[in-house]
Structures are given as structure tokens and as C-alpha cells.
Amino acid sequence: MSVNSLKNSGGLRTGSIAVAHEGYKLIFHPGKKGKELYDLSRDPNEGMNLIHSNKEEARILEDMIRERMEAPF
């Protein structure tokens, strides 16, 4: 697993948290309670948010973020 610097992500805002794992990237926006999930192997420009269609992969990446956060997710 690697934490992505997201220097190419246009949607990243201050306070956002992201994790990348096995070709997927999850971006969590705590203030908005919003999430974005991308399949980087098929969508490297992050144009299609899969958060509602790939719930299992989103859950795996959310768990990775939870494990690393001190505050509740």
C-alpha cells in the first residue's frame, strides 16, 4: 500500500485524506463527508467516481484510512 501525494488530483482540498492500493485510490473529504473512488488502471485521470458502484473496494480502502487516523472517521 502507498499513500498518494495526489499532486495530479484536481479535487483534493486541504484536510482531504487519500490512500491508494492495488490500482484503486480513495479520497475522503472529512468536512463534506464526501468520498471518491477511482480505478487508476482504467481511469488514470480520475474521471469516473466509483464510490457507489464498487462498495467492497471502497470499504477496504476506508479501513486502511481508519487504521491510520487518530480521530474517528
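Values quoted throughout were computed directly from the atomic coordinates according to the rules given, and no laboratory measurement underlies them. Here the structure is a predicted model, which means the values were calculated and not measured. Heads up, the Cβs are rebuilt from the backbone with ideal geometry, glycines too, and the neighbour counts pull from every protein chain shown.
Determine whether region 20-43 contains at least one residue that is polar (S, T, N, Q) and surrounded by fewer than 17 Cβ atoms within 10 Å (Cβ to Cβ).
Narrowing region 20-43 to residues polar (S, T, N, Q): 41.
Narrowing the set further to residues that are surrounded by fewer than 17 Cβ atoms within 10 Å (Cβ to Cβ) leaves 41.
Scanning region 20-43, I find at least one residue that is polar (S, T, N, Q) and surrounded by fewer than 17 Cβ atoms within 10 Å (Cβ to Cβ), so the answer is yes.
Which residues, counting only those in region 32-52, are within 17 Å of GLU22 (Cβ to Cβ) and either among the polar types (S, T, N, Q) or in contact with a Lys or Arg (Cβ under 6 Å, 6 or more places away or on another chain) (or both)?
Residues satisfying the conditions are TYR38, LEU40, SER41, ILE51.
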